[in-house]
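Peer 1: Structure incoming, see below.
Where a number appears in this text, it was derived from the coordinates with a stated rule and is not lab data. Keep in mind that what you see is a predicted model, and the values were worked out from it rather than measured. Virtual Cβ from ideal backbone geometry, glycine too; neighbours counted across all protein chains shown.
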Amino acid sequence: MPKLVKFLYPPTFFVLGLLLALTFNSLVFAEETITITTYYPSPYGVYREMRAKRIAIGDTYYDAADMPWEEADADGGDIDYLADLVVEGNVGIGTTVPSYKLHVYGASDAAGNISALVQNTNANGLAFWRSRTSDGIGLNVGAGGPSYVAATILTDNGFVSAQNGLSALVMGTEGSAPIIFYTGGLNASNEKVRINASGNVGIGTTNPGRTLSVAGIIKGHSLIFSTDGVTEDSQIYATTGGVGCTSGGVAIVTTGNSTLCFKDF
């Protein structure tokens with residue numbers, strides 16, 4: 001009757017030989033280090049979700065030895081410790097060929113729909129959109145609060161519109177908000193010109209009650225008056241002589257058969 005012969009798997013002599021070989025190699029080549037790195041999944045794969053505390057992208061930025069991150073403020077690192085994402089080249093959103101540091105591209109959208117929005121925790125922000133129902137097609141930029149809804153813009157806040165239909169750059173506000181020009185800062189004392197909801201222009205005043213209200217001295221050569229906004233009925237101007245003035249002075253003249261009169265206001 002044949003006898004059964006049992007073998008160890010792997011064979012004992014094979015294991016012993018492998019141990020002897022490894023021991024011998026470690027004695028002879030103790031100074032050599034072999035590192036094996038594997039990736040799973042592949043770095044060129046498609047990921048459903050990726051998370052990272054901070055990312056540096058670019059031909060120079062990717063090398064941690066050449067471009068280290070700060071671990072504390074001003075500790076000698078090249079990348080600021082508060083930065084979470086730094087990109088060396090161009091960034092494209094909606095485009096595979098970004099031509100600028102930030103290139104956002106989108107297909108023509110319906111009137112009033114925002115294509116880009118920069119917003120803070122108070123819901124104030126800067127919005128970019130194609131057009132509103134009352135705008136010409138073009139680039140529109142609006143600044144304001146959370147009251148934006150499609151086709152009505154950021155209520156009581158400002159916008160700049162490059163309108164194709166008018167071939168003009170339009171600046172305005174919604175609701176009753178005025179347009180205000182400041183110089184030297186945004187304090188109330190720095191306001192120089194205001195256009196209110198009635199279209200009145202105030203220079204040096206925040207409450208213009210007339211089409212043009214000026215709190216200050218006006219310097220000019222002449223002042224023309226018109227009863228209909230078109231016809232020049234009378235004029236006051238500085239003169240060096242002539243038109244009834246034998247020497248320099250201020251001339252008050254009327255056109256045609258107009259009458260010059262003075263009365264209480």
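Peer 1: Placing +1 at every Lys and Arg Cβ and -1 at every Asp and Glu Cβ, with all other atoms neutral, what dipole size does region 40-89 have around its Cα centre, in debye to the nearest 20?
Peer 2: 480
Peer 1: Starting with the fewest neighbours, write out Met50, Met67, Met171 ranked by other beta-carbon atoms found within 10 Å of each beta-carbon.
Peer 2: With the sparsest Cβ surroundings first, the list reads Met50, Met171, Met67.
Peer 1: In whole Hz and in residue order, list the ³J(HN,Hα) couplings for region 68-82 that follow from phi through the Karplus curve 6.51 cos²θ - 1.76 cosθ + 1.60, θ = phi - 60°; x for Gly and Pro.
Peer 2: Result, rounded to whole Hz: x, 8, 5, 9, 8, 4, 6, 8, x, x, 7, 9, 4, 5, 8.
Peer 1: Starting from the Kirkwood radius over alpha-carbon pairs of region 40-89, derive D by Stokes-Einstein at 10 °C in a medium of 1.306 mPa s and give it in µm² s⁻¹.
Peer 2: 129
Peer 1: Sticking with this one: Long-range amide H contacts for Val201: which residues qualify at under 5 Å (H placed 1.01 Å from N, peptide plane, sequence gap of 5 or more or a different chain)?
Peer 2: Leu212, Ser213
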